[in-house]
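Inspection log for the structure reproduced underneath, given as structure tokens.
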Ligand SMILES: [Zn+2]
């Protein structure tokens with residue numbers, strides 16, 4: 001499933017990819033309300049994103065941190081099993 005992304009043609013800005021169209025519409029509504037005072041900017045749209053653009057950099061950061069936590073837990077389990085094995 002390709003995620004969705006809101007793009008504002010006036011600001012040349014885009015939201016992070018979201019798994020559902022409704023979430024991108026929420027980004028659109030928020031952007032219109034905060035940046036454009038509730039008006040609809042020319043050229044704003046909701047795109048389907050594919051490939052590298054579909055990856056959320058924040059999610060990638062979280063997953064690499066999860067790997068580090070996993071390595072830490074493995075090291076801790078190794079230490080505990082050595083202590084208990086004595
Ligand atoms: Zn805008």
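Taken together, the values in this text are just the output of simple stated rules run on the coordinates, not laboratory data. Treat the numbers as computed from the prediction; the structure is a model and nothing was measured. With ideal geometry, Cβ positions are generated from the backbone for all residues, glycine too; neighbour counts draw on all protein chains shown.
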Tell me the relative contact order for the range 1-54 as a rounded percent, counting alpha carbon contacts under 8 Å between residues six or more apart. 47
With no solvent term and unit scatterers on the alpha-carbon positions of the range 1-54, Debye gives log₁₀ I(q)/I(0) at q = 0.21, 0.23, 0.28, 0.30 Å⁻¹ of -0.67, -0.79, -1.07, -1.17
Ascending count of other beta-carbon atoms within 10 Å, so fewest first, for 2, 24, 14, 81: 81, 2, 14, 24
On the formula 1/(1 + (r/R0)^6), with r taken between the Cβ atoms of residue 81 and residue 20 and R0 of 30 Å, the FRET efficiency rounded to 0.05 is 0.10
According to a simple spin-label model (label point 7 Å from Cα along Cα-to-Cβ), what is the distance in nm between residue 69 and residue 30? 2.3
